[in-house]
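Notes to accompany the following structure.
The values are calculated or read from the model by the stated rules, or taken from the named source; none is laboratory data. Just so you know, these numbers come straight off a predicted model, no measurement behind them. Here Cβ is always computed from backbone atoms with ideal geometry, including for glycine, and neighbour counts include all displayed protein chains.
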Amino acid sequence: FYFSFLDVMEQKRYLLCVHCDPHKYFPGLDTLKDHLNGLHRQLPVFICGQCKKRITHKNSFLRHITNQHIKKEIEARQACASSDSSDQEDRRVDEGVASQKDYLRCVHCTPNIQVSTVDDLRNHFTNYHAGLPSVTCGKCRKNFIHKTSLIRHIANHIHDENENSDSSESLGNAGQNCNEDRAQASDDFSENVGNNGRNEAGQQAGPNIQPQPQLNLELDAAKFLLKLRASGNLTNTSIQMIVDNVSLLLQNVMHQAQEKTRIFMNSSTIPPEDSEDFLKSGSFDTSSMFKGLQTIDEQLEFYCDKFGLVIPEELYLGTRIENRFNREKKMFVPTQVNETFQYVSLIETLTQIVRNDFIRNLILNESPSEDGVYRTYKDGTDFANNSFLLKYPHSLRLVLYYDGLEIANALGSKDVIHSLGCFYFSIQNLPPEESSLLSSIFLLALCHAVDLKKPGAYGKVLAKFIAELKLLQSDKGVETDLLNGQKFILRACLCSLTADTLAAHEILGFFSSSGANKFCRICLISKTNLKDSTTYIGTLRTSELHEQHVQEVERRPASAKLYGVAGRSPLASVMHVPEDSVFDVFHDMVGVIQMILKLTLYEFIMVQELFNVNTFNANIDSFLYGKPDIKNKPSSNFTRKMLSSKGFTLKQYGSQTFCLLRVFPFLIKGVSESNKHLKLVFLLQDILKIVCSFELKESDIIRLEALLYQFGTQFHEIFISPGPVEEENMCENLDPTDGSEDEDVNSNNEDTDAENEDDSDDADDPRPRRRRRIVWKSRKLKKGINKIHHIAHYPQQIREKGPIIRLWCARYEGRHRIFRKHSAVQCNFKNPPKTMARMFQLSTLASFLERTAPHAENVTLSKANTICVKESPYCMLLLNEGFREESLIKAVEFAQVCGEEYQAGLFVTLRQNDSIQPLFAIIVDVLADTSNPTRVFLVVNKCRNCALSARYNAYHVSNNFDQTNILVNAQNLANHRPIAPWNPLDRTNNMEIYLYPRTLSL
C-alpha cells in the first residue's frame, strides 16, 4: 500500500510540541514549524542569578549583567565611599567584575547549576544540552531534534502497521512495537537525556552503553582514495599528502573524543574498570585505516580483490631508438627502448559488467521497437541478418572506436612526441539513458601513437582483443561466476567500427582517401564520378569483393591505389570489413557545413556585397541564442582574409558549427528567401535535422534521400565548375579598401595585375594615383569533397544499423577529457600510457560502483519550493495525474533532466497523432515529485498559428498562447530537447517568435 506521510500524521495525531505544557497537537509539520518559530523560536539559555531573568543570547546576557547589576553596584559604592583612593576603587571594580559568577546559572538544569564564567556556561550547554528536542512522536512519546528524523520514525510506525494490517488491534499497538534499532539511527533524544541525564527521582543515571557494530574503516578509506584518484585532478604526491593529513586529523579528533568520553564516564555512575575497558577496546583507534593503501600498487591490488578492478596489462610491441640522457657522459645519446602498450582484458571487463545486477537486467530485458521506428541497432537489417545474434539475442554487441589524442600542449614542442592512440569499446545493449553516460565507454588499449605508424602495429595491438573476441563469439562462449554464485555464459560480437576517416582507413586496410582513386570504403566510386555528380553511389563493396581486392593487392602491390585497398585488416577475422564500417556523422557534417557556410558567406560578402564581415560579427554577438544554445554560441572571428583563403575551415568547434548553421538565416540581412545559396543552406539544415534524430521512421529516411539528391544537384550546379579549370587562388585577392567609385579590376586576370605595375610615365605624373577596386568572382570548385559523398550513404546505413547518431565520434571524444585533464596535472611523460590507463580504470570503477539503480543524478532541481498539492494553483492537474491533496510537490526554477534544462519561457514539442506539423507549447512552470525526484512535470500552454517560415526555415508561432494549462511529464515529450524562442535582428520584426527544433519529433 502507498501511504502519504502527511496523511497518516494528520489522522494519527503524531505531531505535538514538547515545549508546551500540556503538550499541544498539530495536524502537520508546517503548522508545527510555524508554532515553534512563533512561540519557541528563541529558547532561554542563560538565567540571571540576581533578578532571575532568562536571556537567550550570550552578548545580551553580558550587557544585562554589566548594565543592570555591576555598574549600579559600582556607582553605589562610589557614592558611599567617595574619599577612597583610586587603588582601592580599582580593586572594588575588579571585585565587582569578579562577582559575575553570582549571575551565571543554567536554566535547563534542576536545580540550576552555577558556573564561573560565561564560556564555562556555554561549554556546559554545548555538552549537556546541545540538542534540545523540538518535536515529539504522539504515539511513543519519543523526542526528536530534526523534522526528517521524526518522518523516518513515523515511517517505521506505518511499516509495522502495514505488516500487521490483518489484525484489528494492530493500529492501536503500533506505538508499543516501535523499532528501537531504527530509532537509534535517528537523531532522537530520550526524555531522561533531555533532562540532563536525570531520572524521575532526581538521581543521575548512567548512560546505557551498548556495543556498536564495528565500522569497516579500511573499506571507507579505500572508497575515499578511489574518489580522489578518479577525479584526475590530483597528483600522487597530493594524494599522499591528503592521506597523511587526514590520518593525523582523525587521530587528533579521536583523541579528543576519547578524553571527553573519559570525563563523562568519570562523572557518571559507570564503574571505573568498565570505563577503562571501553576506552582501551580500540574504538578510538584509527591508525589502521590506511594500512595497506599507502602506494598506488597496494591500492590497485585492494581494488582488484574487493571491487573487481581490471588492472591494465603492459604488453610488448617492439623496439625503437630514442635520445636518452646518459649520466656518465652527461649528454643525450641514442638508446634502444622497448615499445609497450597498455591492454585491458575484454573478458574481465565484460565479466565485471554482467556481475552488476542492474546492468545485467537492462541487457537481458532489451527489446526491439514494435512500431517500425528505427531507435537502436536491433531495429536495423544488420541485426536481422546476423546469424549469431539471432541464435543468441542477448549477446553483447560491441562497438570499437579508435582515435589519436594529444596530451601535451598542441602549440608546444612535444605535441607529437606524447601523442597517444586510444582504443575504446561500448555496449549497444544498454538503453539510451545509460549508454549516453561517459562511464559506459570502456578502455581497451592505450599506446604511443608513433608506435602505430610501423607496418603491422595495429595487428599487434589488437591481437589479444581479437583472440578474446573469438572466444566470446563462439557457441561455447565464456563461463563466468556471478556474485550470487550462479553461472553465466558470456557471449559478444563486434558489430561496428567507428572512427574518423583517416583512422578508419588505417585500421580497416584502406588507402588514404586523398591518395586513392577509389576513396570510399563502402562503394567503388572514383574521383571522376565525384566530379560528375556528388549524389552518385558506386558499386557497393562486399566481403567477397573486398577479399578479392585484398588478394589482388597482395599479388600486385601496384594495384593498391586502383582498388583503394592497402592490405588485409587485422579485424577481418571478427567482422565484415566493408559492411560493418560506419561513417562518422560528427566529422562529416562539420566539414560539409563549414564548407557550405564559407562559400555562401564569400558569395554574400565578397561578391554580392550584401553586408560586410563586421556586420556579420556584430550580429553573432548581439543575437539572443537562449539557454539551450548559449554555450554553443559561435565565435565572431570572421574576416575577409578568412573567407577568401584556400580551404574550408571556419575556426569553429563542432558544437559552434552546428549552432551557426541553425541561426545562419537570422544573422544575415538583405538576402531574399529565393536566393539559391540560402536555399542550399536550408537543405543542409533539413539534412542535419534528420541525421541527428534518435528516432526515425521509414518516411523520414525516404525524405532524407530526396533532400540529399536536391542538395547534391544544387551544390553541383552552384559550386562545381563545368570545365577542367583549376580552383581559383583566393588568398591573393585581398580587398585593400572597402569599395569606392574607382574603376573595376578583374582580380582573377593575371595580365591585369601586370599592367597595374608602376612604369616610368606614371612615376612622373604629379596627380595622385587612383586606388583600383577589386571585383570578386563567384568561387568555383574543381570537384566536391569526399565528405559530401559520405552523407549520401547515410540512408543506407540508418536502415542497416539504426540511427547513426548513436555511433558518432563526438560521444567517444568526450572520454578524452579525463586524459587531458590528468596529463595537465601530472606532467609525467615518462610512461604516459601506463599512468593514464591506471587512472582511467579507477575512474571507471568509481562511477561503475554507483550504478545500482536508475541514475537519480540525471535530474537536478534548482531553487525548489515545497508546497502541498491542495495549495498549488495546478491542484486539479496534479490530482488527475495521481497525486493526493496532502502530497508534496516542488516548484522549481529549472530542472535538468538527462542533460536537458527545462525552465519557464522555453518551448517543448508535444506528442500528437496524424499531424505533419509539430505541436509546440510554452513552459509556464516546472514541478517535481518529492517522493520520486526523477518525475519532473511541465505546466505548458499550447502555441497557436504554427507555420514554417520560408525566410528563416523555422516555425513561426503567435504570441497569443492557449491559456489552458496542460501537465506533461518530461519523459513523455515528443522531443526531449527544449527550444529557445528566436527573434529576427530586424527591428520591425523583433517581436516575432520563431522556433527551430534540432531534431525530428515523432
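Below are the figures for this structure:
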quantity: Selected residue [in contact with a helix residue (DSSP H, G or I) (Cβ under 9 Å, 6 or more places away or on another chain), in a strand (DSSP E or B) and at pLDDT 90 or above] from Phe383, Phe442; calculated: Phe442
quantity: Residue within the range 451-458 that is assigned to a loop (DSSP other than H, G, I, E, B), in the same structural domain as Gly567 (by TED's automatic domain parsing) and surrounded by fewer than 19 Cβ atoms within 10 Å (Cβ to Cβ) present; calculated: no
quantity: Residue count for the range 547-573, restricted to those that are exposed (fewer than 15 other Cβ atoms within 10 Å of the Cβ), within 28 Å of Ala467 (Cβ to Cβ) and of a type in the set (S, T, N, Q); calculated: 3
quantity: Wholly within the range 890-979, strands (runs of 3 or more DSSP E) carrying at least 1 residues that are of a type in the set (Ser, Thr, Tyr) and in contact (Cβ under 8 Å) with a residue 60 or more places away in the chain; calculated: 900-903, 907-910
quantity: Scan of the range 553-578 for residues that are over 33 Å from the mean Cα position of the chain (by Cα), assigned to a loop (DSSP other than H, G, I, E, B) and not hydroxyl-bearing (Ser, Thr, Tyr), ordered by number; calculated: Arg556, Gly564, Ala566, Gly567, Arg568, Pro570, Ala572, Val574, His576, Val577, Pro578
quantity: Boolean, Ala891 is hydrophobic (A, V, I, L, M, F, W, C), at pLDDT below 90, out of contact with any helix residue (DSSP H, G or I) (no Cβ under 6 Å at 6 or more places or on another chain) and assigned by TED's automatic domain parsing to the domain that holds Cys943; calculated: no
quantity: Test result for Ser426, part of a helix (DSSP H, G or I), in the same structural domain as Ser345 (by TED's automatic domain parsing) and under 18 Å from Arg817 (Cα atoms); calculated: no
quantity: Residue in the range 876-888 that is hydrophobic (A, V, I, L, M, F, W, C) and either part of a strand (DSSP E or B) or at pLDDT below 85 (or both) present; calculated: yes
quantity: Residues that are among the polar types (S, T, N, Q) and at pLDDT 90 or above, drawn from the range 357-368; calculated: Asn361, Asn365
quantity: From the options Ala954, Ala921, residue that is over 26 Å from the mean Cα position of the chain (by Cα), assigned by TED's automatic domain parsing to the domain that holds Phe883 and more than 22 Å from Lys633 (Cα to Cα); calculated: Ala921
quantity: In the range 307-321, the residues that are more than 30 Å from Val354 (Cβ to Cβ) and surrounded by 11 or more Cβ atoms within 10 Å (Cβ to Cβ); calculated: Leu317, Gly318, Arg320
quantity: Long-range neighbours under 8 Å by Cβ, at least six apart or interchain, first residue over 23 Å from Ala846 (Cα atoms) within the range 275-303, second surrounded by fewer than 17 Cβ atoms within 10 Å (Cβ to Cβ) and among the small types (Gly, Ala, Ser); calculated: Phe284/Ala257; Thr286/Ser247; Ser287/Ser247
quantity: Residue identified as modelled with pLDDT of 90 or more, in the same structural domain as Pro431 (by TED's automatic domain parsing) and among the basic types (Lys, Arg) among Arg820, Arg799, Arg838; calculated: Arg838
quantity: Some residue of the range 214-225 being within 21 Å of Arg262 (Cα to Cα) and either at pLDDT 85 or above or not hydrophobic (A, V, I, L, M, F, W, C) (or both); calculated: yes
quantity: Test result for Ala503, among the small types (Gly, Ala, Ser) and within 13 Å of Asp580 (Cα to Cα); calculated: no
quantity: Qualifying position, being more than 30 Å from Glu705 (Cα to Cα) and touching a strand residue (DSSP E or B) at 6+ places or on another chain (Cβ under 9 Å), among Phe829, Phe894, Phe848; calculated: Phe894
quantity: Matching residues in the range 343-371 - criterion: being among the small types (Gly, Ala, Ser) and surrounded by fewer than 16 Cβ atoms within 10 Å (Cβ to Cβ); calculated: Ser367, Ser369
quantity: Check on Ser436, free of Cβ contacts under 8 Å to residues at least 24 places away in the same chain and in the same structural domain as Phe848 (by TED's automatic domain parsing); calculated: no
quantity: Count - residues of the range 924-941 that are surrounded by fewer than 20 Cβ atoms within 10 Å (Cβ to Cβ), of a type in the set (A, V, I, L, M) and within 23 Å of the chain's Cα centre (by Cα); calculated: 0
quantity: Met595 being out of contact with any helix residue (DSSP H, G or I) (no Cβ under 7 Å at 6 or more places or on another chain), modelled with pLDDT of 90 or more, crowded, with 20+ Cβ neighbours inside 10 Å and not in a helix (DSSP H, G or I); calculated: no
quantity: Wholly enclosed helices (runs of 4 or more DSSP H) of the range 773-870 bearing at least 1 residues within 17 Å of the chain's Cα centre (by Cα), within 26 Å of Leu597 (Cα to Cα) and not β-branched (Val, Ile, Thr); calculated: 810-813
quantity: Residue within the range 903-910 that is at pLDDT below 90 and more than 16 Å from Asn965 (Cβ to Cβ) present; calculated: no
quantity: Filter result (assigned to a loop (DSSP other than H, G, I, E, B) and among the β-branched types (Val, Ile, Thr)) within the range 257-286; calculated: Thr269, Ile270, Thr286
quantity: Given (1) part of a helix (DSSP H, G or I); (2) in contact with a Gly (Cβ under 6 Å, 6 or more places away or on another chain), index of the condition Leu469 fails; calculated: (2)
quantity: Some residue of the range 532-544 being surrounded by fewer than 17 Cβ atoms within 10 Å (Cβ to Cβ), assigned to a helix (DSSP H, G or I), touching a residue at least 24 places away in the same chain (Cβ under 8 Å) and not charged (D, E, K, R); calculated: yes
